[in-house]
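Step one of this worksheet: look at the structure below.
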């Protein structure tokens, strides 16, 4: 009986961790999508994307209306800042993912 209980606890704990990690990846994708939409609004208003030096911090500035493009800049679900890069194909917003290191298989990025 005790073995069955321990096995059930291990299965629940492992499944729970996977669900939490999947939820964090989904939240990261949602944040990236929202930041990407704000960057597109910035481009529509200014005729250009923010430079890499300006980064997503440029979204905190007011546009032609009175409000900024975003009220605040979120950290990714693992507590790290999102990275913004401006490539020839357009802007890319990335999270380093669960391991906190860019360039590894668990990175989460915009669809460009």
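No lab work stands behind these numbers, since they all come straight from the coordinates. Note that the structure is predicted; figures quoted are calculated from it, not measured. Quick reminder, even Gly has a Cβ in these numbers, built from the backbone with ideal geometry, and neighbours come from all protein chains shown.
For the reader, a short list of remarks on this structure follows.
- With each label modelled as a point 7 angstrom along the Cα→C-beta vector, the residue 37-residue 61 pair spans 2.3 nm.
- Two-site FRET efficiency, residue 87 against residue 22, from Cβ-Cβ distance with R₀ of 25 Å, rounded to 0.05: 0.35
- Percent breakdown of C-alpha pair distances by 10 Å bin, ordered from the shortest bin, for the stretch 40-83: 27, 51, 19, 2
- Kirkwood Rh and Cα Rg combined as Rg over Rh, evaluated for the stretch 2-109: 1.17
- Subtracting the Cα-Cα distance of residue 78 and residue 29 from 0.36 nm times their residue separation leaves 16.4 nm of extension gain.
- Most to least packed among 97-105, 56-64 [average Cβ atoms within 10 Å]: 56-64, 97-105
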